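Presented below is the structure to which this report refers.
Taken together, the values in this text are just the output of simple stated rules run on the coordinates, not laboratory data. The structure displayed is predicted, hence computed values, not measured ones. All Cβ positions, even for glycine, are placed from backbone atoms using ideal geometry, and neighbour counts span all protein chains on display.
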Amino acid sequence: MPGESFWPYAELSEQPTPEELAALDPELHAALFGTPLGRFSISLEFPAFGGPDYERAVGLARLAPEYRQIGAGERRRHRATYYSKDAGALRELFELVGVLDGCDVLVDGRAVPGARELWLPLVWLLVR
């Protein structure tokens, strides 16, 4: 540790806060702390888009159990994460943003083959 005369910065805590940990990218979190045994989740990540459905889509995304906004300006993306009990809300948002070229479907926070074609139809079976 450098002497105090060489450390003009504010004192930082040694451990990240829960808010900082929650904001980590899932892949970085897994690399740092290992993959936790958690609940199965599906996330929809979509860019800002023009049209009347944008505000509704963002409103629905914010109601998701986990929501984060990534980037700013033209690079802004919205990520809404849902669990099995939220299948209806996931489907409602997907009907608005699923047609977008920039819409990604993530399984447990990761892009996997067949997420859109296989995993989403399986989750639709949970919609009552």
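Taking the three principal axes of the alpha carbon atoms in the chain, the coordinate ranges are 62, 35, 24 Å, sorted in descending order. Please give the FRET efficiency for Asp53 paired with Ser84, using the beta carbon to beta carbon distance and R0 = 30 Å, rounded to the nearest 0.05. The pair Asp53/Ser84 has a calculated efficiency of 0.75. In plain terms, the chain from Trp124 to Asp104 could stretch by 5.5 nm, reckoned as 0.36 nm per residue minus the Cα-Cα distance. Its residue count N fixes a reference of 2.2 N^0.38 Å for segment 49-105, and the Cα radius of gyration divided by that reference is 1.07.
Taking Cα atoms only, the orientation of helix 87-97 departs from the longest principal axis of the chain by about 90 degrees. Given their separation in residues at 0.36 nm each and the Cα-Cα distance between them, Glu95 and Arg39 gain 17.8 nm when the chain is fully extended. In the chain, the longest principal axis of the Cα atoms and the axis of helix 53-62 are about 60 degrees apart.
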